[in-house]
Amino acid sequence: MKGLMRAFTPLAIVLLACLGAPAAAQTFGPPIEGLCLLSRSAAISASRAGQSMQGQLRQLQSSLSSELEQRSAALQQQRSALEARRSATAPIEYQRQQAALEQQLRALDQEQNGRFIIAQQRGQQQIDQALNTALGRVVSGRSCAVVMERDNSYGWNNAMDITPAVAREMDGILQAVDLG
């Protein structure tokens, strides 16, 4: 059994190394005239506007989290004060005040989430408009009869990939988003 294990060990190492290694980029066959591929997410990520939106959303999330922590801390202090007065407060009044504090915490959290979602939607609308305009220009310039999502393909000929061209075109249309 030990001899068998020693024989399989080098094979197992080679197989594990192959599985862990990233796949090399391949070009599949000749380009198909009129068929274009686009990775929507890659075009947005590569564009200045997409990077601007991600940076602004990170800043907004940090700011909202900080604000939430501060306001939550104040509510937690009120909760601690209520807890300290628990024996001097009627049970029904204690429960009412405790429920009111819980409701304020939930409302605060929902308000912060709502502000983030609204800002994200504003930015996404601007990105979508720029992407649609850029895509229209590139599709016309490349005479694409069909545009398919590249990320759903197993492989492609890079000559059919319009993602970099769309990202460059987006940079000319929109440099940064305004989340305000």
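The values are calculated or read from the model by the stated rules, or taken from the named source; none is laboratory data. Just so we're clear, the structure is a prediction, and the values are computed from it rather than from any experiment. Backbone-built Cβ (ideal geometry, glycine too); neighbour counts: all protein chains shown. Protein only, heavy atoms only, side chains kept; ligands, DNA and RNA dropped before computing areas. Shrake-Rupley method; radii C 1.70, N 1.55, O 1.52, S 1.80 Å.
Observations, loosely collected:
- Test result for Gln56, part of a helix (DSSP H, G or I) and modelled with pLDDT of 90 or more: yes
- Here the stretch 104-121 is the region considered, the condition is being over 12 Å from Leu68 (Cβ atoms) and among the hydrophobic types (A, V, I, L, M, F, W, C), and the residue that is least open to solvent (accessible area, probe 1.4 Å) is Ala119.
- Within the stretch 59-102, being part of a helix (DSSP H, G or I) and among the hydroxyl-bearing types (Ser, Thr, Tyr) holds for Ser62, Ser63, Ser65, Ser66, Ser72, Ser80, Ser87, Tyr94.
- Among the residues of the stretch 143-180, those identified as in a helix (DSSP H, G or I) and either over 14 Å from Ala42 (Cβ atoms) or open to solvent by 20 Å² or more (accessible area, probe 1.4 Å) (or both) are Arg150, Asp151, Asn152, Asn158, Ala159, Met160, Pro164, Arg168, Glu169, Asp171, Gly172, Ile173.
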